[in-house]
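Notes follow once the structure below has been shown.
Bear in mind these aren't lab numbers, they're just calculated from the coordinates by the rules spelled out. Remember, predicted model here, so these are calculated numbers, not experimental data. Here the Cβ positions follow ideal geometry from the backbone for every residue, glycine too, while neighbour counts run over all protein chains shown.
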Amino acid sequence: MSETYLDGASLRKAKHGLGTTATFWREIVRCSPALAWTGAALVAWSCMTALLPLVDERTFQGVSVWLKPWKFQVSVGTYLLTLALFLAWLPVSSREGRAGRYVVWAAIGGGLFEALYITWQGAHAQASHYNLSSSLYASLYTLMGIGAVLMNLTSGVLGVLVFKSPQVAMSRSMRHAIGWGLIITCVLGTATGGYLGSRAMTGGHWVGGSATDAGGLAIFHWSRHGGDLRVAHFFAIHAMHFLPIVGWMLARLSPSENSEAARTRVIWCAGVLLCVVCGATFLQALRGHPFLV
């Protein structure tokens, strides 16, 4: 089987003929059409949502009612596209096996439910997270949490597949960057997300300071006057992006095959550092200190 390496100065053409962005996209769609198109649709939807504050001036917790729906549409869409991208380098037997099917449909089911419910609540200027104001909202919040856990577990399942699948079409260092990135996202993303979700009666994601996103950091709106547990969760769920980017950059800086072992060791160090940053920002938030002032 010919291999198509994900690292290096550019994608190397091989069996699948990945050369241009268009052919690359067609390959992702061929390997996982449901993930690719659902992710793309969510990202496109987020572009329209980003324009709504121009015509709708309503606010919730100090910011536009459309800010949170926009962020989750981007986040879930990017997550699904990333899974589709990594699945494209697995052999057909792994993609179409039980674990591969779980990755696709659990991610789509959990992600779509979360994005749709948050958008619906945002459109009505109501809270989606921590909303226990009625039995219906409490039940929907619980379902959203279950869906989020199922979706997040897909990254761990895919990470294991990357390590266990035969004939994975990527270099050893990139295999470790993608595999460990996915597994860290699963473990730390689930842990931080679970803790966040349990704080419905104890302040939500804020620890100290005011319970408002007004005046927070640009785009993220993390609190600048108290602790914010979303910071650690952000670093956790994006390990699946951070480590592969590190792997790709290392391959560009030192593409020699003789550097493969060194690149792999650097990726391990980057993974440990990312876990330390996640833990440090989590403890920082618990102490009521802002990530950045």
Cut-off of 10 Å, at most 15 other beta carbons, DSSP loop: longest stretch of the chain lacking such trypsin sites (Lys or Arg not before Pro)
59-198
Based on alpha-carbon positions alone, could you give the equivalent ellipsoid semi-axes of region 21-286 from the gyration tensor, as √(5λ), descending, whole Å?
33, 22, 17
Charge dipole (region 21-286, unit charges on Cβ, about Cα centre) - positive-most of T49, Q167, Q73
Q167
For the chain, the longest principal axis of the Cα atoms and the Cα long axis of helix 135-164 enclose an angle in degrees, to the nearest 10, of 20 degrees
Net dipole in debye of the chain [+1 Lys, Arg Cβ; -1 Asp, Glu Cβ; about Cα centre; nearest 20]
520 debye
Using the alpha-carbon centroid of each, what span in Å lies between region 162-179 and region 26-100?
24 Å
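Shape of region 56-154 from its Cα gyration tensor (a ≥ b ≥ c, root eigenvalues): rounded if a/c is under 1.5, otherwise prolate when a/b > b/c, or oblate?
In terms of gyration-tensor shape, oblate.
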With +1 on each Lys and Arg Cβ and -1 on each Asp and Glu Cβ, and nothing else charged, work out how big the dipole of region 72-221 is about its Cα centre, in Debye to the nearest 20.
520 debye
Once W120 and L253 are pulled to full extension, the length gained, defined as 0.36 nm per residue separation minus their Cα-Cα distance, is 43.3 nm
Dipole of region 50-157, positive end: most advanced residue of W120, T59, V104 [Cβ charges, Cα centre]
V104
Tell me the mean residue ellipticity at 222 nm calculated for the chain from its helices only (DSSP H runs of n ≥ 4, each -39500 (n - 2.57), averaged over every residue, nearest 500).
-21500 deg cm²/dmol
Test item: Cα-centred dipole of region 173-293, Lys/Arg +1 and Asp/Glu -1 on Cβ, debye:
80 debye
For the Cα atoms of the chain, what angle does the longest principal axis make with the long axis of helix 98-123, in degrees from 0 to 90, nearest 10?
30 degrees
Where a ≥ b ≥ c are root eigenvalues of the Cα gyration tensor, a/c under 1.5 meaning rounded, otherwise prolate if a/b exceeds b/c and oblate otherwise, region 224-272 counts as prolate
Quick one: what does P(r) look like for region 162-293 with 5 Å bins over all Cα pairs, in whole %?
2, 11, 18, 17, 15, 11, 9, 8, 5, 2, 0
Cleavage-rule hits, chymotrypsin sites (Phe, Trp or Tyr not before Pro), region 177-228, DSSP coil, Cβ neighbours within 10 Å at most 10
none
Got a sec to turn the phi values of region 264-274 into Karplus ³J(HN,Hα) couplings, 6.51 cos²θ - 1.76 cosθ + 1.60 with θ = phi - 60°, whole Hz, x for Gly and Pro?
5, 5, 5, 5, 4, 4, 5, x, 5, 4, 4
Please give the helix 239-253 orientation as an angle from the longest Cα principal axis of the chain, in degrees from 0 to 90, rounded to the nearest 10.
40 degrees
